[in-house]
Structure formats: C-alpha cells, structure tokens
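The structure appears right after this line, and notes come after that.
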Amino acid sequence: MDAIQDEIHEECGVFGVYSQENRDVAHTVYYGLYALQHRGQESAGIAVSFADKIIYHKGMGLAAEVFANGNLDKLPEGDIAIGHVRYSTTGASQLLNAQPVIFTGKCGKMAVAHNGNLINTKQLRDELIANNAVFQTTIDSEVIAILINSLSDGDILTGVKRACARLKGSYALVIMTTEKLIAVRDPYGIRPLCIGTTPTDVVVASETCALDAVSANFLRDVQPGEIVVIDSEGIHSHMMDDIPAERKMCIFEYVYFARHDSVLDGISVYEARKEAGKLLAKYYPVDADLVSGVPDSANVAARGYAEESGIPFVEALAKNRYVGRTFIQPDQRQRENSLNVKMNALRANIRGKRLIIIDDSIVRGTTMRKIVKMLRDAGATEVHIRICSPIIKHPCHLGIDIQTYSQLIGAYKDEEQICKSLGADSVRYLSIDQLVSTCKGERTGFCLGCFNGQYPYPLTEYETDKFKLE
C-alpha cells in the first residue's frame with residue numbers, strides 16, 4: 001500500500017479481558033495483540049490485575065519481541081488484563097510512551113490503553129499541571145488517565161464520565177482497575193471497538209479479528225458515546241450526554257487500517273474492499289493484460305477489479321513477509337529503506353505486459369513512484385494505477401498522523417499531475433460517493449475529512465502537532 005506506507009500513520013490496537021476465573025489472562029491478551037499487530041508496531045504492553053496490584057510489562061517492538069525471553073510468563077495469573085500495540089500519534093517513539101499507562105490515584109490502581117488521538121491534549125495537560133499534576137510521558141493517553149483521576153469522586157465510572165465530557169478527538173479506551181474492565185468509545189465512534197464473550201470471559205478489542213484469535217464470540221460493537229463496565233455482576237452500559245446524531249467512523253478503517261477479515265460496525269472490511277475494486281473496474285476501465293494489487297491490503301480490491309473486468313488477476317509484486325508495514329516506521333528514511341527489501345517485481349509475470357495496479361491510497365507518492373519504476377524495469381510495457389479511495393487533500397489529527405499539507409501529493413496536484421509525478425500511464429481514484437457506497441452494512445456516517453476537509457471537530461481551534469508535549 002502506497003498511501004499509508006508513504007505517510008499515513010495510524011493506529012493503535014487495544015484489547016482487554018475480564019475472566020470469571022483466576023487464570024493466565026496475560027496469554028489471552030497476548031494472542032489478541034498478535035491479531036492486532038497490524039495496527040501498531042512501535043511498542044506493545046500488557047497489564048494484569050493481580051491481588052489488588054497491577055503488574056505489567058511493556059517494551060519497544062512487536063508483541064512477539066516484547067514478550068519473548070520469558071517476559072510473558074513472568075506476568076501473574078489474574079482475572080483482568082489489558083494490552084496495547086502502538087504507533088505514536090501523539091508523543092515520541094520511546095519506551096516511556098509505551099502503553100498501557102499505569103496509574104494510582106483516587107480509584108486505586110488503574111491502567112489505561114488508548115487508540116485514537118485527542119486534539120485538545122495540550123489544553124487539558126496545562127490545566128492539570130496547573131493543579132499540581134505530574135506527568136511521566138508525553139502521550140495523550142496519560143492525560144486521559146490523570147483527568148479521570150482528577151475528576152473522580154473515588155468511583156471510576158464517575159471519573160470516566162466526567163473526563164469524556166472534556167475530551168475532544170478520537171478515542172477507543174480500555175481501562176482496568178483491580179475490580180473492573182471498562183470499554184469507552186468516543187461520541188462520534190471515530191475508532192472501532194467491539195465486545196466478545198467466551199463461556200468464562202468477556203473480551204473487548206479494536207477489531208473482531210482479535211476476538212476470533214481468542215475463540216470469543218462477537219457480542220456487539222461498543223456504541224459511539226458508550227461506556228461499558230464489566231465486573232463480577234456482568235456487563236453494564238452507560239451513555240455519555242449529548243451524543244451526536246450521526247456517527248463519524250474513520251472510513252480509512254475500511255480502506256486500509258483494519259484487517260480484511262474484521263467486521264466493523266456491521267460492515268465487512270473484506271466486502272468493502274472487494275466492492276471498491278469492482279467500482280474501479282466499472283467506472284475507470286482500461287485495456288490491459290493483467291490486474292494486480294500492492295500487497296497485502298490492496299489484493300482484495302484487485303481481485304474485485306479482476307472479477308468485474310474479466311482481466312486476470314496475476315501477482316506482479318512479491319512481498320517479503322518478514323518486513324513490517326513500511327508506513328509504521330516512524331520516519332521517512334526508515335520507511336524508504338524498509339521498502340527496498342519489502343517488495344520485488346515478479347519479472348516472469350509482467351514482462352511485456354500492460355498492468356493495472358490497484359492500491360488503497362496515495363499520500364506522498366514516493367512508494368508508488370518506486371513501484372512504477374520497479375515494474376517498468378522488470379519489463380512492464382504500461383502501468384495504470386487505480387486507487388480505492390479519493391485523493392487525500394487535507395491533514396488529519398484524529399488518529400491518522402498526517403501533520404501538514406506538505407506531506408500530501410494530492411493537496412496541490414490533480415489526477416493528471418499525480419500521474420505525471422508517479423511516471424504512470426494513467427491514474428484514477430474513486431470519488432467520495434463511490435467510496436462511501438462500498439461500506440454496506442448496519443450503519444452510515446463516516447469521517448471523510450482527509451478527502452473533503454470536513455471533520456467532526458474544527459481542528460483549527462486546537463494545537464495538533466504530534467510532538468506538542470515533548
């Protein structure tokens with residue numbers, strides 16, 4: 001995937017489990033994080049509630065690396081645990097910023113894991129510091145934890161409700177005390193969060209694929225503006241005040257972020273991506289010999305294009321499975337270096353052929369430019385690019401780390417100019433309406449701000465620099 005490897009950075013994955021048995025819940029969380037690894041590869045962490053304590057381990061790197069060498073086995077048995085995999089949207093990529101955030105306050109010991117990005121972090125942090133709060137990290141998730149504590153009357157639910165009334169931005173939270181597991185989704189539902197069950201456990205996760213990884217049955221999605229409390233008495237739902245009428249799920253969850261075997265808010269990610277490919281074939285056809293996707297996230301759409309057009313799907317690019325998603329590398333030099341060993345052209349498949357290459361999006365264009373050159377060097381006679389989303393024209397600070405217009409090739413260029421810049425024979429994008437039409441399911445309402453500049457929150461009112469707290 002060019003776009004997001006190029007420059008769009010999201011994400012984090014959150015996971016939590018409440019078990020009716022005192023057992024090895026850390027392993028359950030580990031498997032859940034493994035399934036959510038695509039959402040963040042900078043750091044990972046797990047916290048376990050054990051004998052009125054919270055024991056945790058976190059570190060830099062992939063979950064399998066962080067919990068190798070017996071680190072997972074060192075975590076105790078317990079009945080509640082939460083975990084997190086991180087790509088930084090606020091705060092530098094360093095160990096002190098790894099999550100979950102562990103905190104002791106009015107509600108006793110608690111841990112917080114957060115997917116999303118607040119846009120009023122600095123204002124909240126400044127207010128808390130003025131009231132003698134002390135911060136150990138430079139992430140918005142710690143601001144959330146300390147805000148909950150400061151607004152609590154000793155009851156965690158009260159603190160969460162009052163804190164959420166102050167938060168602006170996107171957030172899917174899993175919060176753990178020594179007695180409760182709490183799942184929270186922001187009022188617009190910008191980031192996904194779901195609940196599953198096993199005979200003994202209640203599980204919350206960013207995506208349904210993580211429920212599948214621990215053999216949990218999908219129960220339901222956490223609703224926008226909902227606070228779900230899970231304790232010894234069961235599952236309890238509480239709603240925030242003044243919830244907006246329309247949801248604003250980030251549509252990039254369907255375009256790229258989520259795993260294709262997940263279902264978010266009743267919408268199959270796989271079906272959405274396949275439909276995007278079909279629409280590209282229907283509205284932007286081109287005479288060619290084969291169609292291929294940029295692996296892996298665009299392969300489903302490429303198959304949809306092939307099915308609709310009758311042009312055979314053939315792999316044009318081979319992917320090194322042992323190199324992580326290049327978009328998640330935290331600086332451009334690292335992203336470009338990892339791309340050099342990530343993909344290679346399949347010369348025997350493409351020599352002398354006219355190619356249609358499907359990708360989910362384009363941000364800077366540097367990755368796709370290299371792919372086009374790679375394919376031409378391998379003997380492709382034509383390279384036509386088809387993109388499963390509209391042109392990205394605007395920055396986003398709601399959990400996708402596009403900081404400035406200068407990062408966006410689409411901010412200043414139209415399709416024809418982008419095509420020339422990439423060295424392709426043609427470039428076509430889905431329209432906004434076409435993209436929205438691919439998301440067929442239980443609900444409607446998406447954040448489309450990176451395409452049309454219309455966000456749930458007026459971002460100009462807030463300081464949105466990623467390193468604003470450094």
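For the reader, a short list of remarks on this structure follows.
- Residues of region 348-392 that are surrounded by fewer than 22 Cβ atoms within 10 Å (Cβ to Cβ) and touching a His at 6+ places or on another chain (Cβ under 8 Å): R354 alone.
- Looking across region 236-295, the residues that are of a type in the set (D, E) and on the phi > 0 side of the Ramachandran plot come down to D242, D265.
The rows are residues; the columns are (1) touching a strand residue (DSSP E or B) at 6+ places or on another chain (Cβ under 9 Å); (2) without any contact (Cβ under 8 Å) to a residue 24 or more places away in the chain; (3) over 20 Å from V214 (Cβ atoms).
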{"site": "L72", "(1), (2), (3)": "yes, no, no"}
{"site": "I80", "(1), (2), (3)": "yes, no, no"}
{"site": "K106", "(1), (2), (3)": "no, no, yes"}
{"site": "G116", "(1), (2), (3)": "yes, no, yes"}
{"site": "T121", "(1), (2), (3)": "yes, no, yes"}
{"site": "L124", "(1), (2), (3)": "yes, no, yes"}
{"site": "V134", "(1), (2), (3)": "no, yes, yes"}
{"site": "I146", "(1), (2), (3)": "yes, no, yes"}
{"site": "L151", "(1), (2), (3)": "no, yes, yes"}
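- Qualifying residue in region 298-317 (condition: assigned to a loop (DSSP other than H, G, I, E, B), modelled with pLDDT under 85 and within 26 Å of the chain's Cα centre (by Cα)): no
- Being assigned to a strand (DSSP E or B), in the same structural domain as T197 (by TED's automatic domain parsing) and among the polar types (S, T, N, Q) is a property that S237 has.
- Taken as a whole, the condition of being at pLDDT 95 or above, among the hydroxyl-bearing types (S, T, Y) and either within 21 Å of I391 (Cα to Cα) or in a loop (DSSP other than H, G, I, E, B) (or both) applies to S292.
- Residue check, K74 closer than 24 Å to I139 by Cβ and surrounded by fewer than 24 Cβ atoms within 10 Å (Cβ to Cβ): no
- The residues in region 100-140 that are of a type in the set (D, E) and either more than 19 Å from the chain's Cα centre (by Cα) or assigned to a strand (DSSP E or B) (or both) can be counted, and the count is 2.
- Subset tally (residues that are modelled with pLDDT of 95 or more and surrounded by fewer than 24 Cβ atoms within 10 Å (Cβ to Cβ)) for region 1-27: 2
- The conditions of being among the aromatic types (F, W, Y), surrounded by 24 or more Cβ atoms within 10 Å (Cβ to Cβ), modelled with pLDDT under 95 and under 30 Å from I54 (Cβ atoms) are met by F257.
- The residues of region 389-405 that are within 13 Å of V363 (Cα to Cα) and not in a strand (DSSP E or B), listed by number, are S389, P390, I391, I392, K393, H394, P395, D401, Q403, T404, Y405.
- Subset tally (residues that are in a strand (DSSP E or B) and touching a helix residue (DSSP H, G or I) at 6+ places or on another chain (Cβ under 9 Å)) for region 15-33: 5
- Selected residue (criterion: nearest to G45 (Cα to Cα)) from residues of region 129-160 that are crowded, with 23+ Cβ neighbours inside 10 Å and acidic (D, E): E142
- Within region 196-228, the set of residues being surrounded by fewer than 24 Cβ atoms within 10 Å (Cβ to Cβ), part of a strand (DSSP E or B) and not hydroxyl-bearing (S, T, Y) comprises G196, D201, V202, N217, F218, L219, R220, D221, E226, I227, V228.
- Which numbered condition K370 fails, given (1) at pLDDT below 95; (2) assigned to a loop (DSSP other than H, G, I, E, B); (3) farther than 30 Å from T121 by Cα: (2)
The values are calculated or read from the model by the stated rules, or taken from the named source; none is laboratory data. Values in this document were obtained by computation on a predicted structure and should not be read as measured data. In this analysis, Cβ positions are derived from the backbone assuming ideal geometry, glycine residues included, and neighbour counts consider all displayed protein chains.
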